[in-house]
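J.: The structure that follows is given in the form of structure tokens.
The values are calculated or read from the model by the stated rules, or taken from the named source; none is laboratory data. These numbers come from a predicted model, not from an experiment. Methodologically, a virtual Cβ is constructed for each residue, glycine included, from the backbone with ideal geometry; neighbour enumeration extends over all protein chains shown.
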Amino acid sequence: MLVPGLDVLPPGGARAAIHMVGESDFNEASFKGVFAFSDDSEVAIVKRFSIDGKQDQTDPIFAGKYKIRSNMAVAAFFDPNEDYQNSVMLLSGLPGNRVVLGLGTNIAMNENQKKASFGRYAAKGDEVDPIFFVMGASLNLDTDTMLTIDYAGNDFVVGLRHNFDETISLDFGFYTPDRIHDNSRYIVGANFGF
């Protein structure tokens, strides 16, 4: 749910997703679109927004992934929001996204950029670490349902993904409390293939 996988969609393939996150009520949501333009590369756009209006609205994030070989990929996240850094990472693991490990860096373009989509914060209000580690794993519970575990430097999510068919799947996840969020949060969403 958080960490890019090693797989790339077939050329011309596309997926869209919507997810909502919150504690007792959902207060944030995101739309994501992914398009593969070759055998080894895909691009994505992610738009996060506030449902309850308590957070500022953000500009879309642009991402790209290039599959170097079956067990290795590079990914980059370009965040145009004022106080967010860009991120690049090298991912490796077992094909099929059974286990994905990654090492990356956050790149600040100016001194005001203290946040990032990936990375660890020592405390609330601190600047994100420049080097980060990510981990993702999935385990099939049955032919249609997977248990997923994602760690993105600060966020840790345990979730379930149920595939109804090749085009539609539903997600449910649980974020543990972290250095920024004092309480656990939930995530629900759906993925659509085209």
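J.: Which of the residues belonging to the stretch 1-35 are aliphatic (A, V, I, L, M), in a loop (DSSP other than H, G, I, E, B) and closer than 22 Å to Tyr151 by Cα?
T.: Kept after step one, since they are aliphatic (A, V, I, L, M), are these residues of the stretch 1-35: 1-3, 6, 8-9, 14, 16-18, 20-21, 29, 34.
Remaining after also requiring in a loop (DSSP other than H, G, I, E, B): 1-3, 6, 8-9.
Those that are aliphatic (A, V, I, L, M), in a loop (DSSP other than H, G, I, E, B) and closer than 22 Å to Tyr151 by Cα: Met1, Leu2, Val3, Leu6, Val8.
J.: Identify, please: which residue in the stretch 50-70 is at pLDDT 90 or above and surrounded by 14 or more Cβ atoms within 10 Å (Cβ to Cβ) and is, among those, farthest from Ser138 (Cα to Cα)?
T.: Pro60
J.: Looking at Asp178, Asp126, Asp144, which one is over 29 Å from Gly193 (Cα atoms) and in contact with a strand residue (DSSP E or B) (Cβ under 9 Å, 6 or more places away or on another chain)?
T.: On the way: Asp126 fails: in contact with a strand residue (DSSP E or B) (Cβ under 9 Å, 6 or more places away or on another chain); Asp144 fails: over 29 Å from Gly193 (Cα atoms).
So the residue among Asp178, Asp126, Asp144 that is over 29 Å from Gly193 (Cα atoms) and in contact with a strand residue (DSSP E or B) (Cβ under 9 Å, 6 or more places away or on another chain) is Asp178.
J.: Among the residues of the stretch 74-91, which ones are crowded, with 18+ Cβ neighbours inside 10 Å and either closer than 23 Å to Ala29 by Cβ or out of contact with any Ser or Thr (no Cβ under 8 Å at 6 or more places or on another chain) (or both)?
T.: Ala75, Phe77, Asp79, Tyr84, Gln85, Asn86, Ser87, Leu91
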